[in-house]
Every structure is written in structure tokens, then in C-alpha cells.
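Enquirer: One structure, pasted below without further comment.
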Amino acid sequence: MIPVSSRASTIEYAIRDVVVPATKLEAEGHEIIKLNIGDPIAYPGLPTPQHMVEAYRDGLASGNNGYSPSYGLPILRSAIAADETRKGWNCNVDDVYVCHGVTEALQIIFAATLEEGSKVLAPGPHYPPYMAYPQMYGATTIEYALKSDDGWCIDLDDIESKMDSDVRLLVLINPNNPTGNVAGRKEIQKLLSIAKKWPNCMIVADEIYDGLDFSGEHVSVASLSDEVPVFALNGVSKVYYAPGWRIGYMAIHDPTNVLIDVRDGIERLLRSRLCASTPAQLGYLAGLEGDRDWMDEHSSKVQSRRQLCLDRIANIEGLEVEAPGGAFYMFARLTDKYWSKNDKEFVLSLLHEEHVLVVHGSGFSPEKGVGHIRIVYLADESTLNAAFDRIDSFLTRHRLAKMS
């Protein structure tokens with residue numbers, strides 16, 4: 001048997017790993033209510049805007065199917081720079097690099113900044129690639145705490161206690177996946193003041209959900225940083241409802257010009273992998289330059305479904321949640337004693353018994369996510385109600401079985 005590399009054999013991606021048993025059940029004829037994946041296109045009533053689809057289609061029809069420049073189409077980079085500048089910092093076209101989604105942007109950043117023994121500080125719980133990818137470059141991800149009983153706000157004391165000269169990247173996912181918390185101006189300023197003490201530390205500001213802030217507190221990290229370098233990450237997937245296009249970007253804010261060598265490394269890596277999809281870049285360009293009134297209707301639907309979930313969870317024994325301030329996730333706490341220690345078993349049992357698919361919290365952090373489940377609240381109201389009816393029935397049945 002030819003051996004697999006250790007870097008591949010140890011990677012886990014909880015969001016899609018739970019799809020494997022769900023797919024098997026579907027093959028057996030069962031219909032599954034899927035509340036596991038953050039793909040707005042998988043749910044009714046939240047389509048990709050038509051003018052963006054037409055721009056993508058027109059790109060195909062007009063023959064724009066060749067390679068684009070490795071850093072992205074200049075016209076798209078310019079539109080992204082203008083959009084980032086509107087968020088409060090001076091972003092130039094040369095600061096923007098278009099990638100195959102934020103996931104590839106992360107891989108490029110990790111490859112350009114991490115060495116054996118480097119550390120990444122990321123929130124716990126967090127999006128799984130922040131744990132999986134750094135190890136490929138000999139680095140280690142250290143989790144800093146989010147306060148589960150205080151709206152999942154950042155534990156700044158915990159960050160400060162874990163900072164040292166080996167920390168290269170300090171990650172802020174804002175709004176957060178999976179908790180939905182939104183860090184505001186004061187939290188970000190304090191985080192920057194901590195990072196400022198360590199000259200080799202850079203901020204990764206994952207702001208892919210910034211247009212889905214329901215708290216009114218969101219602010220661009222780069223707009224607040226006058227010393228610490230920031231990688232601002234964003235793209236077409238969530239706010240523009242086109243995840244399958246796989247177009248994201250990193251925008252580099254380097255206020256004291258310390259990233260000259262890092263930028264050179266990033267550009268070398270980008271050139272080596274050719275480019276992102278050309279027609280998809282044209283579709284994103286239409287989103288950035290076109291009318292954004294459609295966002296209000298989409299946002300209204302998302303907020304309505306968010307409220308439905310909050311109302312239902314409030315009336316289910318064995319489940320509670322800190323109201324999310326943004327994105328489209330809820331990180332609900334399992335309060336029954338048994339399930340609070342066995343969240344993955346809860347997810348798999350719920351799937352097999354009630355045909356509802358969510359994601360176990362420990363998949364987002366073995367330590368800080370345990371005892372929780374992530375619920376994507378993008379489904380229509382009737383589907384969400386059906387799912388919560390089944391979750392309530394499941395919890396009640398198992399609670400009674402343990403009492404008998």
C-alpha cells in the first residue's frame with residue numbers, strides 16, 4: 001500500500017465531512033433537511049443577482065475565457081480597491097490580489113508568511129481551514145477564546161497571554177463563522193494595540209460576511225490600523241450570493257511598508273498558479289459596480305429567518321443560543337448533560353433519526369466548540385420550522401428515554 005502524506009491524512013473539514021453519511025441516507029431514499037453548509041444558493045429565495053449572472057454569461061459569450069493576469073483583471077482590482085477605500089482606508093489597485101475565493105487567499109498568505117515553528121492565533125471556535133492549513137507549512141494554530149456567555153465577544157486578555165515572537169498571524173473573522181459574533185470598533189482597536197507590540201505580527205481580517213452585519217457595529221480592520229499590517233479578505237461568495245464562482249481577494253494594508261518581501265512572495269505564488277476564473281471575475285465586477293438595492297431584500301429575508309430561529313430555540317428545552325450579530329449562522333448550545341459532551345454523536349443521531357443535518361461544534365474547535373451545533377438559518381420558514389420540530393422531538397425523546 002502506497003502511504004498517504006501525513007498532512008493530507010490528518011485534515012478534517014467538519015462542514016462537509018457530515019455530508020458523507022447524509023449522502024448515503026439520500027441514496028437510500030430519505031429526504032434530508034440540510035442546515036449544515038453556508039451556501040445561500042442552496043436555499044430558496046436568495047438567488048445570485050441577475051445582472052451579475054448576465055455579466056458572467058456575457059463574458060463567456062464574448063470569448064473572455066482565456067487566462068487573466070495572475071493578480072486579477074485590472075478593472076476588477078480597481079473596483080475592489082474603490083470598494084475597500086469606501087470602508088475607510090486608502091486601498092490602491094496594486095494592493096488587491098484576486099484569488100480562487102478566500103480559501104485560496106488564505107493558502108497563499110500562509111505559504112508566504114509561515115515557517116517551521118511559526119504560530120497563528122485564531123479565534124476558537126473558527127472556520128476549519130485556519131486550523132488545517134498552517135500545519136502544511138510547519139506552523140501551529142493556537143486558539144484564543146471567544147466568550148460563549150457574552151455574545152461570543154473576543155477574550156482580549158487571552159490573546160495577550162498567548163502572543164509571543166513566533167506569532168506571525170493574528171486572525172479576526174468578522175462577522176465570525178460559526179458563532180455570528182461581530183467585533184466592533186473598540187474590540188478591534190484593543191486587538192490592534194496588542195498586535196502592535198509584536199513587530200513580526202500581521203492581522204488576517206476575514207471580512208467575507210461584512211455586508212451581513214445586523215448589529216451596526218462592523219468596521220473594517222484596515223481602516224483602524226495605522227501601524228499593524230492587515231490582510232483584508234473578502235469576495236463574491238456570501239454578500240453577493242455567488243459561492244460557486246470561487247472569486248475572492250486579499251487587499252494588503254501596509255501602513256509602515258514592512259511587507260515588501262512578503263508581497264513579493266505572494267506575487268510569486270500567485271504567478272505560479274496562473275489565475276482565477278476570468279468570466280467569474282466579470283460577474284463579480286458587475287456586482288461591485290451595479291445597483292445594490294437588491295441587497296436590502298435579501299438581507300430582510302435573512303434577518304426574518306434569523307428571528308424565527310431565535311424564537312424557536314427559546315422554546316426548546318435542551319437548546320439555547322447567543323443571538324448572532326451577523327453572517328447567517330447560529331452556534332447553539334446543547335444544554336442536556338449528555339449531549340453537551342457528545343455534540344458529534346448528537347449530530348449523527350439527529351441525522352439518522354430525524355433526517356436533519358447540522359454541524360457539530362467540536363468540528364470548529366475540539367476544545368472551544370464542544371457542546372454546540374452550528375445551524376445555517378438560510379432555509380425558508382416552513383423548512384426551518386420543520387427542522388426545529390424534529391430537533392425538539394429528538395431532544396424530548398432522548399430525555400424521556402434517559403429518565404425511564
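Enquirer: Just to verify a result, which residue in the range 360-404, among those that are more than 22 Å from P128 (Cβ to Cβ) and β-branched (V, I, T), is surrounded by the fewest Cβ atoms within 10 Å (Cβ to Cβ)?
Expert: T396
Enquirer: Can you work out which of the residues in the range 168-192 that are in contact with a Ser or Thr (Cβ under 8 Å, 6 or more places away or on another chain) and outside any loop (DSSP other than H, G, I, E, B) is surrounded by the fewest Cβ atoms within 10 Å (Cβ to Cβ)?
Expert: L192
Enquirer: Quick one: how many residues across the range 221-250 are within 16 Å of the chain's Cα centre (by Cα) and of a type in the set (S, T, Y)?
Expert: Number of matching residues: 4.
Enquirer: Please determine whether any residue of the range 256-271 is closer than 22 Å to I154 by Cβ and in contact with a strand residue (DSSP E or B) (Cβ under 8 Å, 6 or more places away or on another chain).
Expert: Among the residues of the range 256-271, not one is closer than 22 Å to I154 by Cβ and in contact with a strand residue (DSSP E or B) (Cβ under 8 Å, 6 or more places away or on another chain), which makes the answer no.
Enquirer: List every residue pair whose Cβ atoms sit under 7 Å apart, with the two residues 6 or more apart in sequence or on different chains, where the first one lies in the range 335-351 and is outside the structural domain of G369 (by TED's automatic domain parsing) and the second, anywhere, is loosely packed, with under 14 Cβ neighbours inside 10 Å.
Expert: Pairs found: none.
Enquirer: Picking from A112, A139, which residue would you name as being in contact with a Leu (Cβ under 7 Å, 6 or more places away or on another chain) and free of Cβ contacts under 8 Å to residues at least 40 places away in the same chain?
Expert: A139
Enquirer: Assuming K344 fulfils every condition listed in (1) in a helix (DSSP H, G or I); (2) within 30 Å of S393 (Cβ to Cβ); (3) at pLDDT 95 or above apart from one, which condition is it?
Expert: Going through the list (1) in a helix (DSSP H, G or I); (2) within 30 Å of S393 (Cβ to Cβ); (3) at pLDDT 95 or above, K344 breaks only (3).
Enquirer: Continuing with the same structure: What residue, of S215, S225, is of a type in the set (S, T, Y) and over 23 Å from G361 (Cβ atoms)?
Expert: Every option except S225 fails the conditions.
To keep it simple, each residue is scored yes or no on (1) among the hydrophobic types (A, V, I, L, M, F, W, C); (2) over 15 Å from L172 (Cα atoms); (3) touching a residue at least 12 places away in the same chain (Cβ under 8 Å).
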{"site": "E217", "(1), (2), (3)": "no, no, yes"}
{"site": "A222", "(1), (2), (3)": "yes, no, yes"}
{"site": "V228", "(1), (2), (3)": "yes, no, yes"}
{"site": "G235", "(1), (2), (3)": "no, yes, yes"}
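Enquirer: Still on this structure, I have one more. Could you tell me how many of the residues in the range 220-261 are outside any loop (DSSP other than H, G, I, E, B), crowded, with 22+ Cβ neighbours inside 10 Å and among the hydrophobic types (A, V, I, L, M, F, W, C)?
Expert: Counting residues in the range 220-261 that are outside any loop (DSSP other than H, G, I, E, B), crowded, with 22+ Cβ neighbours inside 10 Å and among the hydrophobic types (A, V, I, L, M, F, W, C) gives 8.
Enquirer: Within the range 124-147, can you find the residues that are among the small types (G, A, S) and more than 17 Å from S362 (Cβ to Cβ)?
Expert: Those that are among the small types (G, A, S) and more than 17 Å from S362 (Cβ to Cβ): G138, A139.
Enquirer: Now for a different question. Consider the range 63-92. How many of its residues are assigned to a loop (DSSP other than H, G, I, E, B) and surrounded by 12 or more Cβ atoms within 10 Å (Cβ to Cβ)?
Expert: Number satisfying all stated conditions: 13.
Enquirer: In the range 28-71, which residues are closer than 23 Å to F346 by Cβ and either without any contact (Cβ under 8 Å) to a residue 24 or more places away in the chain or of a type in the set (D, E) (or both)?
Expert: Scanning the range 28-71 gives E28, E31, D39.
Enquirer: For the range 179-192, name all the residues that are polar (S, T, N, Q) and under 19 Å from A232 (Cβ atoms).
Expert: Hits for the range 179-192 are N181, Q189.
Enquirer: Out of K337, K368, K402, report the one residue that is outside any helix (DSSP H, G or I), of a type outside the set (G, A, S), more than 24 Å from the chain's Cα centre (by Cα) and at pLDDT below 95.
Expert: K337 is the lone residue from the list that is outside any helix (DSSP H, G or I), of a type outside the set (G, A, S), more than 24 Å from the chain's Cα centre (by Cα) and at pLDDT below 95.
Enquirer: Same structure again: Which residue, of S165, S161, is over 25 Å from F331 (Cβ atoms), among the hydroxyl-bearing types (S, T, Y) and not in a strand (DSSP E or B)?
Expert: None of the others qualify; the one that does is S165.
Enquirer: In addition: Return the residue satisfying two criteria in turn: it lies in the range 347-365 and is within 22 Å of the chain's Cα centre (by Cα) and part of a helix (DSSP H, G or I), and of such residues it is nearest to Y127 (Cα to Cα).
Expert: Among those residues, the one meeting the criterion is G363.
Enquirer: Scan the range 93-103 residue by residue and report those that are touching a residue at least 40 places away in the same chain (Cβ under 8 Å) and either surrounded by fewer than 19 Cβ atoms within 10 Å (Cβ to Cβ) or among the small types (G, A, S) (or both).
Expert: G101, T103
Enquirer: Another question about this same structure. Within the set of pairs 6 or more residues apart or between chains, which connect a residue that is free of Cβ contacts under 8 Å to residues at least 24 places away in the same chain and outside any helix (DSSP H, G or I) inside the range 278-302 to a residue that is basic (K, R) and crowded, with 19+ Cβ neighbours inside 10 Å with Cβ atoms less than 7 Å apart?
Expert: none
Enquirer: Which of the residues spanning the range 324-347 are surrounded by fewer than 23 Cβ atoms within 10 Å (Cβ to Cβ) and out of contact with any strand residue (DSSP E or B) (no Cβ under 8 Å at 6 or more places or on another chain)?
Expert: Matches in the range 324-347: D336, K337, Y338, K341, N342, E345.
Enquirer: Could you tell me which residue of the range 193-219 is surrounded by the most Cβ atoms within 10 Å (Cβ to Cβ), considering only residues that are small (G, A, S) and more than 16 Å from the chain's Cα centre (by Cα)?
Expert: Only one residue fits best here, namely A195.
Enquirer: Being closer than 20 Å to V228 by Cα and modelled with pLDDT of 95 or more: is that true of V182 here?
Expert: So V182 fails the test.
The values are calculated or read from the model by the stated rules, or taken from the named source; none is laboratory data. On a predicted model such as this, the values are computed, not experimentally measured, just so you know. Reconstructed Cβ throughout: ideal geometry from the backbone, glycine too, with neighbour counts over all protein chains shown.
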